[in-house]
Amino acid sequence: MGAVDMKLKFQYEVSLELENAEFFLGSVINAVVSQVMILLREKNLQLIRDIPEEIKSLAVYGDQARIQQVLADFLQNMVRYAPPTEGWVEIHVLPTLKTISDGLTVVHSEFRMVCPGEGLPPELVQDMFHSNRWVTQEGLGLSMCRKILKLMNGEVQYIRESERCYFLIILELPMTRRGSKSVVD
């Protein structure tokens, strides 16, 4: 299917209804990591995890399946384009709590998915941020993930630095009443 065919096929608006159920953020992160393990082994890459222990017990509300889908897609793309000579990809999670109106607490989560080197090809990054036409199927997938994040009031940035690049995904999820007894501040 060419870029023009994809454009015609995906030009219509898609209605997406998000679920809102309780889940543990740590379970989603574990599932995301599991989804990339085969690709990591195939490319002979190590996954460096910088994930606080207390995230395992953070109970939040949101669309667990879609959050997992989005995070896994971003991480898989970092693994796919990581140079095998460097031998690593990193996932870093930084949760902080914010109290908003009426005593509601949200978990402000920053997910960084990092790889050394050049990272994603420029046309893939362009596809992700420009929804009028897609050159690559991966770009279409990343564009859809970006739109799903926006529906959840989240955002994604792609940042290139001198010797590495990374996705920075920011998502705020309401905590459940039981939440966690040992949460990060």
Using a 1.4 angstrom probe and counting only protein chains, how large is the accessible area of Ser57 in Å², to 10? 40
Can you give the accessible area of Tyr61, probe radius 1.4 Å, in Å² rounded to 10? 90
Averaged per residue, the 1.4 Å probe accessible area of segment 25-85, protein heavy atoms only, in Å², is roughly 46
What is the distance, in nm, between label points placed 7 Å from the Cα along the Cα-to-Cβ direction at Glu118 and at Ile100? 4.0
Ordering of 118-125, 48-55 by packing [mean C-beta count within 10 Å, highest first]: 118-125, 48-55
Sorting Arg160, Arg112 on solvent-accessible surface, 1.4 Å probe, most exposed first, gives Arg160, Arg112
So how exposed is Glu155, as accessible area in Å² (1.4 Å probe, rounded to 10)? 90
Taking the Cβ-Cβ separation of Phe129 and Asn44 as r and a Förster radius of 35 Å, what is the calculated FRET efficiency to the nearest 0.05? 0.70
Express as a percent, rounded to the nearest 5, the fraction of DSSP beta bridges in segment 33-135 (both residues included) that run antiparallel. 65
Would you tally the net charge around Glu172, using a Cβ to Cβ cut-off of less than 11 Å, leaving Glu172 out, and scoring K and R as +1, D and E as -1? -1
Quantify, in whole percent, the carbon and sulfur part of the accessible surface of segment 98-159 (1.4 Å probe; protein heavy atoms only). 49
In what sequence, largest accessible area first, do Lys150, Lys98, Lys43 appear using a 1.4 Å probe? Lys150, Lys98, Lys43
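The values are calculated or read from the model by the stated rules, or taken from the named source; none is laboratory data. All values reported here derive from a predicted model rather than from experimental measurement. Every residue, glycine as well, gets a Cβ built from its backbone with ideal geometry; the counts of neighbours run over all protein chains shown. Surface accessibility is based on the protein's heavy atoms, side chains included, excluding ligands, DNA and RNA. Shrake-Rupley method; radii C 1.70, N 1.55, O 1.52, S 1.80 Å.
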